[in-house]
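Accompanying notes for the structure given below.
The values are calculated or read from the model by the stated rules, or taken from the named source; none is laboratory data. The model shown is predicted, which means the values in this text are computed figures rather than measured ones. Cβ sites come from the backbone with ideal geometry, for glycine too, and all protein chains shown count toward neighbours. Ligands, DNA and RNA are excluded from the accessible area calculation, which covers all protein heavy atoms including side chains. Shrake-Rupley method; radii C 1.70, N 1.55, O 1.52, S 1.80 Å.
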Amino acid sequence: MPQAVTILGIESSCDDTAAALVRVGANGHASVLSSVVADQTDLHAAFGGVVPEIAARAHAEKLDLCIEQALIKGKMQLSDIDAIAVTAGPGLIGGVISGVMCAKGLSLATGKPLYGVNHLAGHALTPRLTDNVPYPYLMLLVSGGHCQFLIVHGPLKFERLGGTIDDAPGEAFDKIARLIGLSQPGGPAIEHAAKQGDPKRFKFPRPLLDRDGCDMSFSGLKTAVLRTRDAIIAERGGLTGQDQADLADGFQAAVVDVFVEKARRAFQSYPPDASRTLCLAGGVAANHAIRSGLETVAAEQNASFVAPPLSLCTDNAAMIAYAAAEQRGTDDADDLTLSARPRWPLDTSQPAMLGSGKKGAKA
Ligand code: KG4
Ligand code: ZN
């Protein structure tokens with residue numbers, strides 16, 4: 001990164017409308033000057049999932065307000081920034097188009113260069129934004145819509161070691177919470193209930209541990225929890241609080257075991273002479289059992305462990321601004337032909353993963 005830059009980031013690929021200002025110094029150190037996130041949880045609550053049309057309309061209504069707030073909080077004007085970065089995919093296409101159109105308008109009006117950023121690259125580069133982690137590093141990206149192990153070699157160079165072949169883990173946490181009568185979002189509700197649970201009462205499967213590599217599956221685990229729930233209800237007419245806690249804990253323990261074992265396998269594919277850091281990102285990275293499981297693997301593997309703060313793990317625009325700052329050094333700016341992409345794999349050398357998360361197509 002040759003000189004200090006300040007970048008306005010815009011994110012609208014799912015159900016969070018976000019804008020942020022990030023400054024990256026000539027030494028590569030980044031600071032988040034402001035980060036504004038307007039979530040749409042209330043708008044979608046009645047539908048049991050994100051409704052793409054409602055999301056797109058809400059983004060179109062909120063983007064300018066979020067950008068204005070980000071500028072005010074960062075004490076800057078549009079004329080002070082060096083570039084505009086926007087999520088150009090993957091995600092729900094209507095929302096991505098809202099952000100891309102807004103960014104193009106700003107770029108045209110201000111003459112500032114425009115950068116279309118891969119949302120997943122934003123997540124994957126966050127450990128550099130927060131902790132300046134050196135390349136390469138190992139990353140587990142886990143959220144409501146994504147799940148993959150990556151080796152991050154550079155701002156535009158990602159090697160996918162494996163990912164989910166069906167549901168994303170956050171999606172599974174949310175569905176299981178609904179099945180056993182806990183609130184949404186399901187991840188925090190399951191984690192909370194699991195504190196009172198016995199993880200050994202129910203024997204849930206650890207899918208794909210019998211298969212080499214880092215691919216994962218969560219849909220069979222979800223079905224196993226559903227069957228157990230149904231059996232308890234058939235026998236006793238309902239679930240007690242203890243049943244809920246034991247189901248939640250059993251499910252969470254299975255997810256942790258899968259991540260731990262697959263992380264060990266990911267290290268087997270990691271260059272032995274490279275610097276060793278295991279990083280976690282995405283909303284599911286908030287889970288303490290998952291964090292501590294992966295921290296243990298990192299220690300075993302003589303690697304450092306980095307999990308960014310939750311506000312930068314979940315969807316935000318600071319990660320988009322930062323990714324553009326890094327990519328600026330190696331890639332040309334986009335122009336007004338930039339288009340929104342519903343799918344955009346990070347590692348294009350490998351076939352696309354199957355499955356579609358509740359928040360849009362997986363890449
Ligand atoms: O990254 P994110 O905010 O949005 C996208 O999916 O892109 O992730 C949201 C997901 C939800 O499915 C939520 O249930 C899950 O992250 N989550 C958690 C926890 N907190 C949030 N999952 C497990 N444990 C948690 N503590
Ligand atoms: Zn995301």
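Quick notes on this structure:
- Since only Thr164, Ala88, Gly145 are under comparison, the one whose Cα sits farthest along the positive direction of the charge dipole of segment 87-166, derived from C-beta charges on Lys, Arg, Asp and Glu, is Ala88.
- Over all other residues within a Cβ to Cβ distance under 13 Å of Ala45, the charged ones net out to -3, with Lys and Arg as +1 and Asp and Glu as -1.
- Once the C-beta distance of Thr330 and Leu108 is scaled by a Förster radius of 35 Å, the resulting FRET efficiency is 0.90 to the nearest 0.05.
- Backbone HN-Hα couplings from phi across segment 262-275 [Karplus 6.51/-1.76/1.60, Hz, Gly and Pro as x]: 5, 5, 4, 5, 4, 5, 5, 9, 8, x, x, 8, 7, 4
- Electrostatic dipole magnitude of segment 136-310 [Cβ: Lys, Arg +1; Asp, Glu -1; Cα centre; debye, to 20]: 40
- Rough spin-label spacing in nm, given labels placed 7 Å along Cα→Cβ, for Leu156 and Arg211: 3.2
- Gaussian network model of the chain, Cα within-10 Å springs - most flexible of Ala323, Ala124, Ala45: Ala45
- Between 0 and 90 degrees, the angle of helix 52-73 with respect to the longest Cα principal axis of the chain falls at about 60 degrees.
- 0 to 90° range, to nearest 10: angle between helix 288-300 axis and the chain longest Cα axis: 80
- Rounded to the nearest 0.05, the FRET efficiency derived from the C-beta distance between Ser339 and Gln268 at R0 = 45 Å is 0.75.
- Gain on full stretching of the segment that runs from Ala26 to Ser219 - 0.36 nm per residue minus C-alpha separation: 64.9 nm
- Tail fraction, Cα-Cα pairs, segment 63-163, threshold 22 Å, whole percent: 42
- Note on segment 71-96 and segment 213-286: Cα centroid distance 35 Å, given to the nearest whole angstrom.
- For the chain, built as a Gaussian network whose Cα springs stay under 10 Å, the top-fluctuating residue of Val142, Val284, Val256: Val256
- Cα-Cα P(r), segment 108-189, percent of pairs per 10 Å interval: 16, 34, 27, 18, 5, 0
- Extent along principal axes [Cα atoms of segment 136-310; Å; largest to smallest]: 57, 32, 27
- Magnitude of the charge dipole for the chain, about its Cα centre and with charges confined to Cβ atoms of Lys, Arg (+1) and Asp, Glu (-1), is about 340 debye.
- GNM result for the chain, Cα springs below 10 Å: residue of Asn287, Asn118, Asn132 fluctuating most strongly: Asn132
- Mean ellipticity per residue at 222 nm, deg cm²/dmol - from DSSP H runs of n ≥ 4 across the chain, formula -39500 (n - 2.57): -13500 deg cm²/dmol
- Relative to the longest principal axis of the Cα atoms of the chain, the long axis of helix 169-179 makes an angle of roughly 50 degrees.
- Considering every alpha-carbon pair of the chain, the percent of pairs per 10 Å bin, from zero through the bin containing the longest distance, is 6, 25, 32, 24, 10, 3, 0.
- Sequence-ordered 3J(HN,Hα) estimates for segment 252-258 from the Karplus curve with 6.51, -1.76 and 1.60 and θ = phi - 60° stand at 4, 4, 5, 5, 4, 4, 5 Hz, glycine and proline given as x.
- Carbon/sulfur fraction of accessible area - segment 57-185, other protein chains in place, 1.4 Å, %: 56
- Accessible solvent surface per residue of the chain, calculated while the other protein chains remain in place, 1.4 angstrom probe, Å²: 41
- Simple rule: put +1 on each Lys or Arg Cβ and -1 on each Asp or Glu Cβ in the chain, find the dipole, and look at Leu336, Gln242, Asn27; the Cα lying farthest toward the positive end is Gln242.
- Extending 7 Å from the Cα toward the beta-carbon at both Gln242 and Ser183 defines two label points whose distance is 2.5 nm.
- Rounded to 5, the percent of DSSP beta bridges in the chain classed as antiparallel: 65
- FRET efficiency for the Phe47 to Lys200 pair, using the beta carbon distance and R₀ = 41 Å, is estimated at 0.70.
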